[in-house]
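The next block holds one structure in the form of structure tokens; read it before the comments.
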Amino acid sequence: MKLNPATSGAEKVQGHPVIAENLTKQYGRFVAVDRVSFHVKKGECLALLGPNGAGKTTLIKMISCVYPPTSGYLEVMGLDPLRDGRKIKSVLGVIPQENSLDPDLSVMQNLMVYASYFRIPKNTAQARVTKLLEDFGLMRFQRWKIADLSGGLKRRLTIARAFINQPQMLILDEPTTGLDPQARHFIWERLETFKASGLTMILTTHYIEEASRFADRVIILDRGKILTEGSPEVLIKKHVKRFVIEMLRGDGKEEKSMTELARKFNADIEQTAEKTLYYADEGENLLGELARMGLNNIRLRKATLEDVFIKLTGREIRE
Amino acid sequence: MRKDVLNISTLTLLVVRRHLLVWLKTWPSALAWAIGEPLVFLLAFGFGFKKLIGGIQGHDYVLFLAPGLVAVGAMNVACYECTFGSFSRLEMIRAYDAIASTPVMPEEIAFADALWGALKSCIMAMVMMMVFAVFGAINTFTVLLALPALFFMSLFFASLSLIATSVAKNFDFFSYYFTVIVTPAFFFSGAFFPVEQLPRVFRIAAQCLPITHAVDVTRASALHGSMYSIVLKTLILAGVSIPAAFIAAWRMKKRIVK
Ligand SMILES: Nc1ncnc2c1ncn2[C@@H]1O[C@H](COP(=O)(O)OP(=O)(O)OP(=O)(O)O)[C@@H](O)[C@H]1O
Ligand SMILES: [Mg+2]
């Protein structure tokens with residue numbers, strides 16, 4: 001069945017780990033999340049994308065039962081966060097945007113103390129901590145103080161911490177922001193293992209590559225509202241063409257013939273500060289024609305989720 | 001998570017345990033700070049005024065002063081812990097962000113702060129008692145009878161401090177709190193001289209402060225005062241501080257939950 005986001009209310013299926021209808025969050029009079037409706041299916045990874053301040057973290061805090069919604073309907077793991085917050089939180093694994101580790105405690109103590117909040121018996125906790133330290137390559141650092149760890153190690157620890165209660169759903173708020181490529185790939189590999197095991201995941205990220213890698217479905221948020229929703233492939237098909245041709249702008253001589261060319265190939269044109277971009281399905285043919293016109297500094301590439309993102313949220317810098 | 005009800009379970013104690021663990025990591029400096037000041041007061045005032053004052057209420061001035069210093073020292077510990085300590089956990093190291101996404105509820109985080117403030121004060125009070133005993137300023141084990149009263153008095157000031165923290169925008173705010181509330185309470189509590197010495201208005205004001213009664217109880221415990229008044233005042237302190245702790249938990253919950 002093909003899902004139409006506009007009618008998502010109609011298919012309010014029992015058993016979805018997250019169901020939100022017209023969910024709204026205000027900080028005072030400021031509306032951070034504005035009547036969003038969506039759901040997360042069991043075993044899928046949903047990515048929330050959006051510029052800074054879009055409301056991703058706010059949405060995640062509501063789902064993880066930390067902030068109460070201002071209005072609208074929210075159901076998590078079949079329960080009401082306002083009434084059963086404690087129960088819901090006991091089966092979630094949350095990786096917050098900020099690490100918020102205990103700086104004075106050791107790596108090991110951080111995990112053990114966190115385990116205690118879930119009332120995990122000490123022996124069980126000890127066994128799980130050892131396993132997590134191994135899985136996340138933290139064994140050597142178990143006695144280190146948090147203050148002495150690098151950013152990458154802290155993030156690894158924060159992610160490992162989220163698994164202490166063997167969660168049924170994982171909530172990741174920018175898991176790899178600020179990490180070097182090695183650390184990022186390390187974390188991706190771990191997360192891929194968990195995803196393969198069928199764990200439901202909600203992920204926010206500014207790395208489109210990360211979203212493409214993990215997400216079965218993507219929601220693009222801006223200013224608290226959902227702009228679009230769908231699988232990465234569907235979104236690319238729906239909002240941009242298959243290919244993008246980037247061209248450094250010349251002296252403007254060819255401007256006219258290029259417009260004609262674009263019309264011929266049914267291409268969309270976008271002017272940025274430095275470049276002219278063509279979005280077209282028949283990218284190779286268009287490229288050929290452009291090359292024949294003697295234009296250089298042209299580059300052809302496949303359209304990505306990033307193009308969709310930019311197209312929908314604009315190029316201006318936020319905040 | 002609901003705004004109206006407080007959902008408090010034994011998970012609170014696990015948060016207290018976390019604070020204790022963190023504190024144990026840095027206890028030498030914390031202890032030095034908490035004992036240093038009362039000891040300076042004891043030596044300076046106690047031995048400085050000893051000759052001038054002679055005795056108060058039939059006791060050597062040092063013996064009169066030491067229990068009072070234990071009580072105001074405990075109060076100070078609670079006030080520092082639940083202002084600077086809590087605010088830094090809340091806004092600087094953001095420890096509560098992590099705890100809030102576990103089964104621990106925000107009101108439990110807040111309540112744990114109040115309990116921890118009181119517990120830490122009692123630990124410090126016991127250490128002060130030992131140190132003062134070494135200096136001969138406390139000479140009986142019955143002083144330990146004051147611990148329940150000290151706990152509840154500290155719980156009261158921990159709660160008051162948390163209420164201040166719940167509205168604080170930054171650390172500067174606490175200088176008002178200390179100037180307006182903590183420092184006057186410190187000096188007018190009867191720790192340094194009998195409250196009866198004060199003009200009527202001040203005396204009545206002092207009697208309204210839990211610290212004054214905690215000073216009385218501690219002194220009575222150290223100097224074999226009336227058991228009846230020790231028990232009565234301990235109960236009064238409990239009656240005042242427990243509601244205060246709930247109010248503080250409710251205020252802090254609103255600060256943690258947006
Ligand atoms: N506690 C708060 N009080 C008031 N306003 C807030 C609070 N938290 C967030 N906001 C505001 O709400 C909006 C959404 O913030 P949020 O943190 O949800 O965005 P985000 O999508 O996670 O952004 P980023 O990508 O930068 O993490 C922002 O404008 C932010 O300033
Ligand atoms: Mg965010």
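Observations on the model:
- Only one of A:THR228, A:THR205 that is among the hydroxyl-bearing types (Ser, Thr, Tyr), under 20 Å from A:ASP307 (Cβ atoms), surrounded by 16 or more Cβ atoms within 10 Å (Cβ to Cβ) and within 13 Å of ligand 1 (Cβ to nearest atom): A:THR205
- Condition check for B:SER121: more than 11 Å from chain A (Cβ to nearest Cβ) and in a helix (DSSP H, G or I): yes
- Count of residues meeting criterion [buried (at least 21 other Cβ atoms within 10 Å of the Cβ) and more than 9 Å from chain B (Cβ to nearest Cβ)] in region A:111-135: 4
- Residue check: A:THR176 meets all listed conditions (1) open to solvent by 20 Å² or more (accessible area, probe 1.4 Å); (2) part of a loop (DSSP other than H, G, I, E, B); (3) not basic (Lys, Arg) but one, namely (1).
- In region A:70-85, the qualifying residues are those that are buried (at least 22 other Cβ atoms within 10 Å of the Cβ) and facing chain B (nearest Cβ under 10 Å), and the one that is farthest from ligand 2 (Cβ to nearest atom) is A:GLY85.
- Check on A:MET108, more than 30 Å from A:ILE226 (Cα to Cα) and touching a residue at least 12 places away in the same chain (Cβ under 8 Å): yes
- Screening region A:29-41 for residues that are over 21 Å from B:SER101 (Cα atoms) and touching a residue at least 60 places away in the same chain (Cβ under 8 Å) and picking the one that is farthest from the chain's Cα centre (by Cα) gives A:VAL31.
- Residue that is nearest to A:GLU306 (Cα to Cα) [pool: residues in region A:36-56 that are open to solvent by 30 Å² or more (accessible area, probe 1.4 Å) and within 15 Å of ligand 1 (Cβ to nearest atom)]: A:ASN52
- Residue check, B:GLU91 among the acidic types (Asp, Glu) and within 16 Å of A:TYR117 (Cβ to Cβ): no
- The numbered conditions (1) touching a residue at least 60 places away in the same chain (Cβ under 8 Å); (2) more than 16 Å from ligand 1 (Cβ to nearest atom); (3) assigned to a helix (DSSP H, G or I); (4) open to solvent by less than 10 Å² (accessible area, probe 1.4 Å) are all true for A:ALA211 except (2).
- From the list A:MET247, A:MET293, the one residue that fits, being open to solvent by 30 Å² or more (accessible area, probe 1.4 Å), more than 16 Å from ligand 1 (Cβ to nearest atom) and in contact with a helix residue (DSSP H, G or I) (Cβ under 8 Å, 6 or more places away or on another chain), is A:MET293.
- Filter result for A:ILE88 (open to solvent by less than 10 Å² (accessible area, probe 1.4 Å), more than 16 Å from ligand 2 (Cβ to nearest atom), within 21 Å of B:ASP97 (Cα to Cα) and β-branched (Val, Ile, Thr)): yes
- In this structure, B:ALA191 qualifies as assigned to a loop (DSSP other than H, G, I, E, B), in contact with a helix residue (DSSP H, G or I) (Cβ under 6 Å, 6 or more places away or on another chain) and on the phi < 0 side of the Ramachandran plot.
- Helices (runs of 4 or more DSSP H) fully within region B:1-110 counting 2 or more residues that are more than 14 Å from chain A (Cβ to nearest Cβ) and of a type in the set (Lys, Arg): B:48-53
- Filter result (within 16 Å of A:PHE136 (Cα to Cα) and either among the hydroxyl-bearing types (Ser, Thr, Tyr) or within 16 Å of ligand 1 (Cβ to nearest atom) (or both)) within region A:173-196: A:PRO175, A:THR176, A:LEU179, A:THR193
- Lone unmet requirement of (1) more than 7 Å from every other protein chain (Cβ to nearest Cβ); (2) touching a residue at least 40 places away in the same chain (Cβ under 8 Å) for A:ILE88: (2)
- Per-region count, region A:86-121, residues aliphatic (A, V, I, L, M), closer than 18 Å to B:VAL22 by Cβ and at pLDDT 95 or above: 6
- Where a residue in region A:53-64 is of a type outside the set (Ser, Thr, Tyr) and its partner, wherever it lies, is near ligand 2 (Cβ under 8 Å from one of its atoms) and not in a helix (DSSP H, G or I), with Cβ under 6 Å and at least six apart: A:LYS56/A:THR204; A:ILE60/A:ASP173
- Scan of region A:214-225 for residues that are away from ligand 1 (no atom under 13 Å from the Cβ) and crowded, with 18+ Cβ neighbours inside 10 Å, ordered by number: A:PHE214, A:ALA215, A:ARG217, A:VAL218
- Of the criteria (1) more than 16 Å from ligand 2 (Cβ to nearest atom); (2) within 23 Å of B:LYS253 (Cα to Cα); (3) open to solvent by 10 Å² or more (accessible area, probe 1.4 Å), which one A:VAL66 fails: (1)
- Against the list (1) in a loop (DSSP other than H, G, I, E, B); (2) closer than 19 Å to A:LYS56 by Cα; (3) open to solvent by less than 60 Å² (accessible area, probe 1.4 Å), the condition A:PRO167 fails is (2).
- Between B:GLY58, B:GLY54, B:GLY46, the distinction of being open to solvent by less than 40 Å² (accessible area, probe 1.4 Å), modelled with pLDDT under 85 and at positive phi belongs to B:GLY54 only.
- Among residues that are modelled with pLDDT of 95 or more, within 16 Å of ligand 2 (Cβ to nearest atom) and surrounded by 19 or more Cβ atoms within 10 Å (Cβ to Cβ), A:LEU59 is included.
- Any hit, region A:185-202, residues being under 16 Å from A:GLN97 (Cα atoms) and modelled with pLDDT of 95 or more: yes
- Selection from region A:233-244 of residues that are assigned to a helix (DSSP H, G or I) and open to solvent by less than 10 Å² (accessible area, probe 1.4 Å): A:LEU235
- Consider region A:91-105 and keep the residues that are buried (at least 18 other Cβ atoms within 10 Å of the Cβ) and of a type in the set (S, T, N, Q). The one that is farthest from the other protein chains (Cβ to nearest Cβ) is A:ASN99.
The values are calculated or read from the model by the stated rules, or taken from the named source; none is laboratory data. Note that the structure is predicted; figures quoted are calculated from it, not measured. A quick note on method: Cβ atoms are made from the backbone with ideal geometry, for glycine too, and the neighbour counts reach across all protein chains shown. Protein only, heavy atoms only, side chains kept; ligands, DNA and RNA dropped before computing areas. Shrake-Rupley method; radii C 1.70, N 1.55, O 1.52, S 1.80 Å.
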